[in-house]
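K.L.:
Here it is, the structure, as structure tokens.
Only the coordinates and a few stated rules stand behind these numbers; no lab work does. Computed from a prediction, not measured in an experiment: that's the story for all the values here. Heads up, the Cβs are rebuilt from the backbone with ideal geometry, glycines too, and the neighbour counts pull from every protein chain shown.
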């Protein structure tokens with residue numbers, strides 16, 4: 001393939017010469033998975049590029065990429081399509097909405113199975129590691145205190161508070177965070193938990209990392225609208241539409257944007273991008289490696305989310321929106 005941000009230089013084959021599924025639960029695969037510091041239940045394996053080919057990283061070798069095959073959990077609907085789903089959703093975020101995402105692509109095994117590949121953004125060109133922390137760590141939540149589902153406990157307001165606390169130029173990063181929350185809702189990513197938001201230090205400044213682990217999870221499991229148990233923020237009331245239907249609408253996101261300190265005009269500019277399905281989204285879905293049936297389901301789910309988003313809040317229609325105290329100021 002031609003050069004792209006996924007690789008530094010030269011031509012790199014996306015045809016793997018090994019089958020990850022053949023090594024499921026072998027000592028080699030279990031050990032390789034333990035080398036990855038990024039959390040998550042999906043199998044992830046450290047990799048490097050060597051002589052124009054992608055291979056698994058060896059002991060003591062700094063990986064530059066992560067391979068994510070389809071989960072072996074057969075209870076997930078259409079589990080073999082998950083790599084294509086993640087690649088598609090990351091491409092939509094980047095190409096349609098301009099969201100900064102980690103460089104990514106799709107590989108294939110000799111058996112023809114798709115494998116998602118992502119370039120590690122925490123590794124510098126000279127091979128050293130940039131300091132990075134996920135939001136669960138920054139907020140102080142761990143498995144010891146909250147059990148195995150600790151990363152789903154909390155609200156997006158807590159992430160906003162951490163951004164304000166740890167990032168000096170917080171306003172720019174807060175807008176990035178806000179749009180990512182909106183994108184995850186519209187594109188049905190029910191796995192946008194605390195460990196899927198992180199900050200990273202380049203030179204002397206912390207900032208949000210590029211987006212990662214974006215996926216339309218509703219294609220594979222029955223998910224909640226928002227991954228975190230306390231939703232957007234327990235500090236603001238729900239809109240009438242949210243209370244009636246159990247699903248947030250645009251008004252809820254407008255209130256949330258104001259609550260985290262964003263300028264109202266900037267909030268509306270971001271939200272205006274999500275009131276319909278862009279033509280480019282439809283083109284990317286049609287050109288993706290999802291099956292035709294799953295591609296239709298993908299667009300149907302997004303269309304349904306947009307319909308919920310566009311609902312009119314009967315309680316606030318045609319009157320001014322109340323302003324609640326901003327808790328992070």
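K.L.:
Please state the shape class of segment 132-309: rounded when a/c is under 1.5, otherwise prolate if a/b exceeds b/c and oblate if not, all from the C-alpha gyration tensor.
P.N.:
Details: a/c = 1.44, a/b = 1.36, b/c = 1.06.
Rounded.
K.L.:
Still on this structure, I have one more. Please give the helix 170-186 orientation as an angle from the longest Cα principal axis of the chain, in degrees from 0 to 90, rounded to the nearest 10.
P.N.:
Once rounded, one gets 80 degrees.
K.L.:
What is the chain by shape, rounded, prolate or oblate, if you read a ≥ b ≥ c off the alpha carbon gyration tensor as root eigenvalues and call it rounded for a/c under 1.5, prolate for a/b larger than b/c, and oblate otherwise?
P.N.:
Values: a/c = 1.87, a/b = 1.50, b/c = 1.25.
Prolate, because a/c is 1.5 or more and a/b exceeds b/c.
K.L.:
Counting only helical runs of four or more DSSP H residues, what would the 222 nm mean residue ellipticity of the chain come to if each run contributes -39,500 (n - 2.57) and the total is spread over all its residues?
P.N.:
Here the helix-only value at 222 nm equals -9500 deg cm²/dmol.
K.L.:
Assuming R0 = 41 Å, can you tell me the calculated FRET efficiency for the pair residue 291 and residue 235, based on Cβ-Cβ distance, to the nearest 0.05? Don't skip to the end; give the middle numbers.
P.N.:
Working: r = 43 Å, r/R0 = 1.04.
Given R0 = 41 Å and the Cβ-Cβ separation, E is 0.45.
K.L.:
Can you tell me the orientation of helix 156-166 relative to the chain, as the angle in degrees between its alpha-carbon axis and the longest Cα principal axis, to the nearest 10?
P.N.:
So the inclination is approximately 70 degrees.
K.L.:
For segment 36-151, what class follows from the C-alpha gyration tensor (a ≥ b ≥ c being the square roots of its eigenvalues): rounded when a/c is under 1.5, otherwise prolate if a/b is larger than b/c, else oblate? Let's see the in-between values first.
P.N.:
Values: a/c = 1.37, a/b = 1.12, b/c = 1.22.
Because its axes are fairly even, with a/c under 1.5, segment 36-151 counts as rounded.
K.L.:
Relative contact order, percent, of segment 132-309 when contacts are C-alpha pairs under 8 Å separated by at least 6 residues?
P.N.:
On the way: 223 pairs, mean separation 43.0, N = 178.
Relative contact order here is 24 percent.
K.L.:
Using Cα centres only, tell me the gap between segment 234-311 and segment 126-176 in whole Å.
P.N.:
Value for the Cα centre distance between the two parts: 23 Å.
K.L.:
Arrange the peptides 240-246, 252-258 so that the one whose residues have, on average, the most other Cβ atoms within 10 Å appears first.
P.N.:
Details: 240-246: 15.6, 252-258: 22.4.
In descending order of packing, they fall as 252-258, 240-246.
K.L.:
How would you rank 92-103, 175-186, highest first, on the average number of other Cβ atoms within 10 Å across their residues?
P.N.:
Working: 92-103: 18.3, 175-186: 22.2.
Going by the mean number of other Cβ atoms within 10 Å, highest first, we get 175-186, 92-103.
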